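What follows is a set of notes on a single structure, which appears directly below.
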Amino acid sequence: MNKFLWPLIGFIVLIVLLAVGLNLNPRDVPSPLVGKPAPLFSLPQIHAPAKTFSPQEMQGKVWLLNVWASWCVSCRQEHPVLVELAKSKTVPLIGLNYKELRGDGGIDTDKINPATEQKQAIERAAGWLARHGDPYTLSVLDLDGRVGINYGVYGVPETYVIDKAGVIRMKHTGPITPDIFSGKILPLVAELSK
Amino acid sequence: MKRWLFILALALGSIVAQAKEAAPLAADEVVEKRMVAISDELRCLVCQNESLSGSHAELANDLRREIRTLINEGKSDAEIMDFMVSRYGDFVRYRPPVKGTTLLLWFGPAALLALGLFGLIRYVRRRNDDISDAPLNSEEQRQADALLLHKDSQQ
C-alpha cells in the first residue's frame, strides 16, 4: 500500500502544479510602475495637434490612461466598454495613441518625414475614432512609442488607473472586459475618488 | 520572351524587397557590441522566450534603439539595466536578483535535487536492511555451500 502511496501523491502534486501553471496568464506581468508616479510627457493632441497634453494637468483627479492604436485588433474588442464608460462620465479617460503608423507593419515610416508622419497618424487615428466612437476626453499621439516605453507598454491595449496625486494605482494589460471594468477598475476609481 | 522578362522583373523585385528588410548597421561597433551584450540578458516581453537581442518584435527593435541611445548618452550597463527593470520589472531580466519572491526560482531546483537524493539514500538503505534481514537457515546454507562446491569442482 505504502509502496504506491508516495508515487501517487507525487503524481497528484505534479498534476496540480501543471494545472495551476497552465491557468496562469504569462502576459500578466506585474508592473513595477504600480505605486510610482506616472511618467511625465507632453504630447500633441489628436483633435488639436497644436496643443499638447501633460499628465500634470490631471492633478487632483482620478483618471484612466488607455493605450490604443487603430491597427490594434484587441482595442476594437474593448472599445465598446470604453464607449459605455464615456457615456456614464464616471472617470476621465485619456487616450495614448501608441505608434499609430510605426506599429503598423505595412508602413515603412523610414521614408516619411516627421511632419507627414504626424499628419497621416492623425488622419488614421481620428478616422478610426469617427468610425468606432470616441470615448476619450482627449487622445495624444506617441508616434515613436517612447512614452510607451516609459510606461512599460508591451502589448496594446493597456490601461492605467492614476490617482489624484498622479500615482499609478493599477495597470491592466490586454482588453478591458465588462467584468474587469465593473469588478476591478470601477471599485478602485470609486475608492480613490473619496 | 515577355514571360521571361516578367520572371526577371519578379526576381529583381524580390531582391529589392529583401534589401529593404536588412536592418541598418549601427555606425559604432563598440556601441553595438555593448547593446547586444546587454540585450542578451533581457527578455523580450512580446515573445517571452526570446531574448531582446534575438527578437524581431517591434518592441524589441524600439528597446534596442533605446539601449543604443542610453549607451551614447554615456550610461553604464547597470544604469541601463535599471532603466529596463524600472519599466518592465524583474521579469525582463533572464537572471533576476535573489530576493524573497525569487527564492524558489533560484533554490527550488537544488532543493528538489536534495529531496530526491534524500529519498534515494533512504530507499537504498532500507532495501539493504531488508536483504540482510533475511539470513539463510542452516538447511539453505548447506544447499548453497554444496552448489558452490559443485561449481568449483567442475572448473
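The values are calculated or read from the model by the stated rules, or taken from the named source; none is laboratory data. Just so it is clear, the structure is predicted and the values come from calculations on it, not from any experiment. No Cβ is skipped: glycine too gets one built from the backbone with ideal geometry, and neighbour counts run over all protein chains shown.
Among the residues of region A:81-102, which ones are under 18 Å from A:ALA126 (Cα atoms), β-branched (Val, Ile, Thr) and not in a helix (DSSP H, G or I)? Hit for region A:81-102 is A:ILE94, nothing else. A:GLY105 satisfies every condition listed in (1) within 18 Å of A:LYS61 (Cα to Cα); (2) in a loop (DSSP other than H, G, I, E, B); (3) among the small types (Gly, Ala, Ser) except (1).
Filtering region B:35-51 to residues that are part of a loop (DSSP other than H, G, I, E, B) and either more than 13 Å from chain A (Cβ to nearest Cβ) or free of Cβ contacts under 8 Å to residues at least 24 places away in the same chain (or both) leaves B:GLU41, B:CYS44, B:VAL46, B:CYS47, B:GLN48, B:ASN49, B:GLU50.
Can you tell which of A:GLY103, A:GLY127, A:GLY95 is more than 14 Å from chain B (Cβ to nearest Cβ), more than 21 Å from A:ALA38 (Cβ to Cβ) and either of a type in the set (S, T, N, Q) or free of Cβ contacts under 8 Å to residues at least 60 places away in the same chain (or both)? Answer to the selection: A:GLY127. Would you confirm whether any residue within region A:146-157 is surrounded by 19 or more Cβ atoms within 10 Å (Cβ to Cβ), within 12 Å of chain B (Cβ to nearest Cβ) and at pLDDT below 90? For region A:146-157, residues surrounded by 19 or more Cβ atoms within 10 Å (Cβ to Cβ), within 12 Å of chain B (Cβ to nearest Cβ) and at pLDDT below 90: present. For region A:130-145, taking the residues that are within 16 Å of the chain's Cα centre (by Cα) and more than 14 Å from chain B (Cβ to nearest Cβ), the one that is surrounded by the most Cβ atoms within 10 Å (Cβ to Cβ) is identified as A:LEU141. The residue pairs whose first member lies in region B:128-150 and is on the phi > 0 side of the Ramachandran plot, whose second member is among the small types (Gly, Ala, Ser), and whose beta carbons are closer than 7 Å, counting only pairs six or more residues apart or on different chains, do not exist in this structure.
A quick yes/no check of all residues on (1) closer than 29 Å to A:TYR154 by Cβ; (2) assigned by TED's automatic domain parsing to the domain that holds B:ASN49; (3) of a type in the set (Val, Ile, Thr):
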{"position": "B:SER86", "(1), (2), (3)": "yes, yes, no"}
{"position": "B:ASP90", "(1), (2), (3)": "yes, yes, no"}
{"position": "B:LEU105", "(1), (2), (3)": "yes, no, no"}
{"position": "B:ALA110", "(1), (2), (3)": "no, no, no"}
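So is A:SER31 of a type in the set (S, T, N, Q) and without any contact (Cβ under 8 Å) to a residue 60 or more places away in the chain or not? No, not satisfied.
Here B:SER55 fulfils each of the conditions (1) surrounded by 12 or more Cβ atoms within 10 Å (Cβ to Cβ); (2) part of a helix (DSSP H, G or I); (3) not aliphatic (A, V, I, L, M) apart from (2). On inspection, B:VAL31 qualifies as β-branched (Val, Ile, Thr), at pLDDT below 90 and over 23 Å from A:TYR98 (Cβ atoms).
Yes or no, residue by residue, for (1) more than 17 Å from A:TYR160 (Cβ to Cβ); (2) within 17 Å of the chain's Cα centre (by Cα); (3) assigned to a loop (DSSP other than H, G, I, E, B); (4) of a type in the set (Val, Ile, Thr):
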site	(1), (2), (3), (4)
A:ASP28	no, yes, yes, no
A:GLY35	no, yes, yes, no
A:PRO44	yes, no, no, no
A:PRO49	yes, no, yes, no
A:TRP71	yes, yes, yes, no
A:ARG76	yes, yes, no, no
A:HIS79	yes, yes, no, no
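Right, A:VAL67: under 18 Å from A:ILE185 (Cα atoms), crowded, with 20+ Cβ neighbours inside 10 Å and within 14 Å of chain B (Cβ to nearest Cβ) or not? Spelling it out, A:VAL67 is indeed under 18 Å from A:ILE185 (Cα atoms), crowded, with 20+ Cβ neighbours inside 10 Å and within 14 Å of chain B (Cβ to nearest Cβ).
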